[in-house]
Amino acid sequence: MVANSPASRYNTAIVLPYRLVLAALLCGAAWGQAPAYSAASILNASDYTAGPFAPNSVLSIFGTNLAWQDPGPNSSVTIPLPTRLNGVQVLVDNVPAPLFYVSRTQINFLVPGNEFVDGTPIPVQVVRQGDIAPGPRPTITLVDTAPALFKTDSGYVLALHPDYTVVTPDAPARAGEVVAVFATGLGKTGGDPIPGEAPVIALIKAWQDLKVYLNGALLDIGNIKYAGTAPGWPGLYQINIQLPGNLAPDPEIRVAIGAQSTPSGGFRLAVQ
């Protein structure tokens, strides 16, 4: 095996505790006869940025009358993810999408499939069970990759220490440490999982095109220890990076693959 090859880094993957993404994917924002939404109200579930989006990304639809009722207080997600939840389906190019959360004002869903052509406009439609008039069919644009990072409530990017604790301003990362940063939209992986099922460790196919920037400086490829699926969690990816020794506190972090990049200026990693 070639030293420092992608395959040699499989053992650096960190399994993400489910509790870290449940808050983002299983709860809705408060936004109340036909479902009403538009292309502009379909956003990344991680950071609520607009598209384009990639297959296997986690998206949110915001609107009104998306479901007949809100979920009960004891509602929880199951894996494999269902394609009908709370009496609702989301059709992506007429294919039922796996669902994380459904309320009257917000739906979180996984973009299914990996066979779409780069740049293709795809219709999205909300269908309520028993409803003779489904929602509109606005289109979203799908591209091969469209990175988006998850953020914590404090506004920092979601990352873990090697002991699986969260990187925060009160528990920052240190120079030389390997941290796992969580994202969606990194595209196809080796052995793509069936949409909605729990993935195993698998590198992204766009590995050689992945770039990580800290305070605008390109991180050396040798400092990227793994980039692929977060085992056990559909639609979630992780990038394990070793922090350089000369890093300023709380650097801005940006992830790019080809022409698609996370926004600049809005994401910081808690480092001291």
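Can you tell me which of VAL117, VAL157, VAL124 is out of contact with any Cys (no Cβ under 8 Å at 6 or more places or on another chain) and not assigned by TED's automatic domain parsing to the domain that holds ALA54?
The unique qualifying residue is VAL157.
If you check ALA256 against the conditions, is it aliphatic (A, V, I, L, M) and either touching a helix residue (DSSP H, G or I) at 6+ places or on another chain (Cβ under 7 Å) or modelled with pLDDT under 95 (or both)?
It is false that ALA256 is aliphatic (A, V, I, L, M) and either touching a helix residue (DSSP H, G or I) at 6+ places or on another chain (Cβ under 7 Å) or modelled with pLDDT under 95 (or both).
Starting from region 44-55, take each residue that is at positive phi and list its partners that are at pLDDT 90 or above, counting only C-beta distances under 8 angstrom and pairs at least six apart or across chains.
TYR48/SER60
Filter region 186-200 down to the residues that are buried (at least 21 other Cβ atoms within 10 Å of the Cβ) and more than 13 Å from PRO234 (Cβ to Cβ) and list them by number.
Passing the criteria: LEU186, GLY187.
What is the one condition in (1) at positive phi; (2) buried (at least 17 other Cβ atoms within 10 Å of the Cβ) that ASN94 does not satisfy?
Here ASN94 clears every test but (2).
For VAL117, indicate whether it is modelled with pLDDT of 95 or more and either of a type in the set (A, V, I, L, M, F, W, C) or over 17 Å from the mean Cα position of the chain (by Cα) (or both).
So VAL117 fails the test.
The values are calculated or read from the model by the stated rules, or taken from the named source; none is laboratory data. Owing to the predicted nature of the structure, the values given are computational and were not obtained by experimental measurement. So basically every Cβ, Gly included, is an ideal-geometry build from the backbone, and we count neighbours across all protein chains shown.
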